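> Questions regarding the structure given below will be posed in turn.
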Amino acid sequence: MKYLFHRIHGGSFLMAASLLAGMIALAQCGPFFHPWPQPRTAAVGALYLAGDGRLATIAGRFDPARAEFSAADSEGVLLFGPYAGLDAGRYAVAWRGSAYKDSRPRFEITSASGLIAARAATLAAGTTDSTLATIEFSLAKPADGAEFRVLVGRGDAIAVHAVELTALATAAAGAP
Amino acid sequence: MNNAAAPGRQAGIVWLVAATCFLLLYFAWYPGVFTLDERDILDQALSGRRHDGHSPLLVELWRLAQPIKAGPAIPYLLGLGAAVALAAALLRRLLPSPFAAALGLCCLVLLPPVFVSLGQVTKDLFFVGAMLAVVLAALRYRAAPGPLRLAVVLATMQLAILIRIDAAFALFPIAAWLAWPALRRARAAPLAAALAGALAALLIVGLLLASKLASARLFKASAFHAEQVMMLFDLAAISIETDRMLLPPSRLGPAGFALPLLRARFNPASADALVWSRDRHHLVYAADADQGELHAAWGAAILAHPGEYARFRAEYAARFIGIRNNADSLRGQFFGDPSMLAEAGRGWRATGSPLQQLYYRLSNAPRLQWLYLPWFWLACASVPLALGGAGGGAAAAATPPREVAVLLVVSAVSYTASMALLSAAAIGRYHSWPRVAIGIALIVTLAGLAGAARRA
């Protein structure tokens, strides 16, 4: 140990310490990039499209021509993903798609720490290219791995082509 | 420097071990992990239409290799052979005995992250070889300066830049180190350091210009403007942070790219989902696009939003070195690109030997993942950095190995820092040179400590 101590050279030791300090700062002071501006005086959106690589299906299939995930008479998770990181705040999620039969899918918002919000919807046959369901929710602290899931039952026949996540305004100043 | 006179038979063990390591690696990874970049290199080699987005020198190498054996086997043979042989030569020069050099080489190439880096038939592998050649040439020049040795140093530096243009950042500290003794002799240290830095910068700019000239005149390669992807990435990040679309309309692609779409797809660790997306929505990254408009938009965005730019680049730097990011692509790339399988009928095949599978399992073991992350290597780099640096300089007739260890570490850190600032994807192969350079520096430092402790 004594030998090691004598080998340490002032200038290069300072460089080594700076390198370590820089990495510790990057780890401890981040994340630095925030996709959701804070504070917000207007709503800010993110649009996830079927086929963009962020959303996926288990019980359904992807139709490339219509760019949608669809399920007919299958049971399970029609849609999951995109594993988004969300800051604390108020959000709204809207699922867009079509219902080909009378269906009762369940819409869920989850994160790495569990279920955040859920609702069941009743969709009438012939609903095309419209909002299937909307859920508003609040996060008291940041959430990792947020998913916007759609679960279907055996009698359901629906398709989802987009999920719109909106971060609602947080600041009243200047707002109408 | 201290084992040049080792008896021939003893010295031969280094080359025997080097050959064994090479064969082990080559057959473990045969025919080499092939990426989309190499697909583009191969397309250029076969079509004869060349651009400088990837090294025109490597395009020429692939062109010459294909008639002999289709696929990456010959380029991989040359790239891996050069990297292993030059690492052996450097270790032999820096370690006290041929046995130590042989043992050091085994430790280096079998270390899982280095083993993975040496499995890729990418320009990064050739870059590792070129950088090792530069360090060896620089050591020979510092030991006995002369015009021929200087020419060899310059030639190897030019080779490194012809392979990877961003080699400039790894070469800068080496160029300054070469200039230092002559400048230090007659001047105070701060002035000598400033002059060495200026001289190194001039040399690097000269080499970059020569590389551009060689690409255009010698290899007849058109300008590709590879900087576009970095500019698109920065503009997308600033647009998201400010909630204002700052990307030029001509870059939003035929299907458009609204701000909510950009926010949904943006990943601070990689621009891939924006530029090479699975659907019709992608930003335009093309040689024939309006480069002036993009440059102007990028410059204006940084000047108008320096805080947002700095925050985004800080986050990218963190992800680039594996902080808040342990993606497979950062830890190592184990399997050939799907485009490799498309060529299966012509004798190509995917990699997948038992040894490679073993290293794959190691890299996915949750308790070992940190070993592959660049922050761990940079933390290791602080050891040779803290313990080296003393001694050497103008008065030294031969460079002490610990000074070379510091040089390797500074080159690796300089390269990593500049790539964190200028690249657009946190992927493992960008860390090939830092892994090899820091690995050699650590081996040299530990060997020096062990030897000195034994003597004490």
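> Taking every pair of distinct Cα atoms and averaging 1/r, then inverting, what Kirkwood hydrodynamic radius in Å comes out for chain B?
Here the Kirkwood hydrodynamic radius works out to 23.2 Å.
> If you don't mind, there's one more thing I want to ask. Of B:THR445, B:LEU199, B:ALA130, which is farthest on the positive side of the dipole of chain B, counting Cα position, with +1 on Lys and Arg Cβ, -1 on Asp and Glu Cβ, and the Cα centre as origin?
Result: B:THR445.
> Using a 7 Å offset from the Cα along the Cα-to-Cβ direction at both B:ARG244 and B:CYS106, what is the distance between the two label points in nm, to one decimal?
According to this spin-label approximation, the distance is 6.3 nm.
> Can you compute the label reach from A:ARG154? Point 7 Å from Cα along the Cβ direction, backbone N cut-off under 16 Å, restricted to the stretch A:56-76.
A:72-76
> Taking neighbour counts of Cβ atoms within 10 Å as a proxy for exposure, in what order, fewest first, do B:ILE204, B:ILE438 appear?
B:ILE204, B:ILE438
> Let me ask another. Using each residue's phi in the stretch B:104-116, evaluate 6.51 cos²θ - 1.76 cosθ + 1.60 at θ = phi - 60° and report the 3J(HN,Hα) Karplus result to the nearest Hz, with x for Gly and Pro.
x, 5, 4, 4, 5, 6, 8, 4, x, x, 6, 4, 5
> Please report B:LEU77, B:LEU105, B:LEU23, B:LEU442 as a ranked list, fewest other C-beta atoms within 10 angstrom at the top and most at the bottom.
B:LEU23, B:LEU77, B:LEU442, B:LEU105
> Using just the Cα positions, wrap the stretch B:1-136 in a convex hull and report its mean projected area in square nanometres, one decimal place.
Mean projected area of the Cα convex hull: 8.5 nm².
> Give the value in nm², to one decimal: projected area of the alpha carbon convex hull of the stretch B:133-173, averaged over all directions.
2.6 nm²
> If you don't mind, another one. Nothing charged except the Cβ atoms of Lys and Arg (+1) and of Asp and Glu (-1): what's the magnitude of the dipole of the protein assembly as shown about its Cα centre? Round to the nearest 20 debye.
Result for the protein assembly as shown is approximately 2360 debye, rounded to the nearest 20.
> Here is a follow-up. Pulled fully out, how much extra length does the chain show between B:ALA365 and B:LEU78, if you take 0.36 nm times their separation in residues and subtract their Cα-Cα distance?
On the way: separation 287, 0.36 × 287 = 103.32 nm, distance 3.16 nm.
Computed gain between B:ALA365 and B:LEU78 is 100.2 nm.
> Still on this structure, please answer the following. Can you compute the FRET efficiency between B:LEU446 and A:ARG104 using 1/(1 + (r/R0)^6), with r the Cβ-Cβ distance and R0 = 60 Å? Round to the nearest 0.05.
Efficiency, from the Cβ-Cβ distance: 0.35.
> A further question on this structure: Indicate the gyration tensor shape class of the stretch B:260-384 (rounded, prolate or oblate), computed on the Cα atoms with a ≥ b ≥ c the square roots of the eigenvalues: a/c under 1.5 is rounded; otherwise a/b larger than b/c is prolate and the rest oblate. Provide the component values of the computation, followed by the final result.
Details: a/c = 2.53, a/b = 1.29, b/c = 1.96.
Oblate.
> Between B:LEU208 and B:ARG349, how many nm apart are label points set 7 Å from Cα along the C-beta direction?
A separation of 4.4 nm, rounded to one decimal place.
> Under the 0.36 nm per residue contour assumption, what length would be gained going from the current alpha-carbon distance of B:ALA456 and B:LEU218 to full extension?
80.0 nm
> How large is the convex hull of the Cα atoms of the protein assembly as shown per residue, expressed in Å³ as a whole number? Spell out each step's value before the answer.
On the way: hull volume 121.5 nm³, N = 632.
Given the Cα convex hull of the protein assembly as shown, per-residue volume reads 192 Å³.
> Which angle from 0 to 90°, rounded to the nearest 10, does the C-alpha axis of helix B:56-65 make with the longest principal axis of chain B?
Taking the Cα atoms of chain B, the angle to B:56-65 is about 80 degrees.
> Right, here's the next one. If I fit a long axis through the Cα atoms of helix B:8-29 and take the longest principal axis of the Cα atoms of chain B, what angle between them do I get, 0 to 90°, rounded to 10?
20 degrees
> So, one more: Taking the Cβ-Cβ separation of B:LEU191 and A:ALA140 as r and a Förster radius of 51 Å, what is the calculated FRET efficiency to the nearest 0.05?
Efficiency, rounded to the nearest 0.05: 0.30.
> Further question: Under a Cβ-Cβ cut-off of 15 Å, what is the net charge of the residues other than B:GLY79 that fall near it, where Lys and Arg count +1 and Asp and Glu count -1?
On the way: positive: B:LYS69, B:LYS123, B:ARG164, B:ARG429; negative: B:ASP37, B:GLU38, B:GLU60, B:ASP124.
Summing Lys/Arg as +1 and Asp/Glu as -1 gives 0.
> What are the aspartates and glutamates whose alpha-carbon lies under 13 Å from the alpha-carbon of A:LYS141, with same-chain residues fewer than 8 places away excluded?
A:ASP87
> Let me ask something additional. Long-range amide H contacts for A:GLU68: which residues qualify at under 5 Å (H placed 1.01 Å from N, peptide plane, sequence gap of 5 or more or a different chain)?
Close amide H contacts, sequence-distant or interchain: A:ASP63.
> Can you give the three extents of the C-alpha atoms in the stretch B:78-209 along their principal axes, from longest to shortest, in whole Å?
Cα spread of the stretch B:78-209 along its principal axes, largest to smallest: 45, 35, 27 Å.
> Considering the options B:TRP276, B:LEU246, B:PHE257, tell which one lies farthest towards the positive end of the dipole of the stretch B:241-289, charges being +1 on Lys and Arg and -1 on Asp and Glu at the Cβ, about the Cα centre.
Checking the options against the dipole of the stretch B:241-289, the answer is B:PHE257.
> Shape call for the stretch B:232-292 from the C-alpha gyration tensor, a ≥ b ≥ c root eigenvalues: rounded (a/c under 1.5), prolate (a/b greater than b/c) or oblate?
It is rounded, given that a/c, with a ≥ b ≥ c, falls under 1.5.
> With +1 assigned to the C-beta of every Lys and Arg and -1 to the C-beta of every Asp and Glu, and no other charges, what is the dipole magnitude of the stretch A:88-176 about the Cα centre in debye, to the nearest 20? Please list the in-between numbers first.
Values: 9 positive and 8 negative charges, 38 e Å.
For this selection, approximately 180 debye.
> Would you order A:LYS101, B:LYS220 from fewest to most other beta-carbon atoms within 10 Å of each residue's own beta-carbon?
B:LYS220, A:LYS101
> What are the lysines whose alpha-carbon lies under 26 Å from the alpha-carbon of B:LYS123, with same-chain residues fewer than 8 places away excluded?
Partners found: B:LYS69, B:LYS212, B:LYS220.
> Also: May I ask for the angle, rounded to the nearest 10°, between helix B:306-320 and the longest principal axis of chain B, with both axes built from Cα atoms and the value confined to 0 to 90°?
It is inclined by approximately 60 degrees.
> Could you tell me whether the stretch B:145-304 comes out rounded, prolate or oblate from its Cα gyration tensor? Rule is a ≥ b ≥ c as square roots of the eigenvalues, rounded for a/c under 1.5, then prolate if a/b exceeds b/c, otherwise oblate.
Taking the square roots of the gyration eigenvalues as a ≥ b ≥ c, the stretch B:145-304 is prolate.
> So what is the calculated 222 nm ellipticity per residue for the protein assembly as shown, using -39500 (n - 2.57) for each DSSP H run with n of 4 or more, over all residues, to the nearest 500 deg cm²/dmol?
Details: 23 runs with 326 residues, N = 632.
Helix-only estimate at 222 nm: -16500 deg cm²/dmol.
> Let me ask something else about it. Determine, from the Cβ-Cβ distance of B:ALA70 and B:LEU148 and an R0 of 51 Å, the FRET efficiency 1/(1 + (r/R0)^6), rounded to the nearest 0.05.
0.85
A short reminder: the numbers here are calculations on the coordinates, not readings from a lab. Quick caveat: nothing in here was measured; it's all calculated off a predicted structure. Neighbour counts are summed over all protein chains in view; Cβ atoms, including those assigned to glycine, are modelled from backbone coordinates with ideal geometry.
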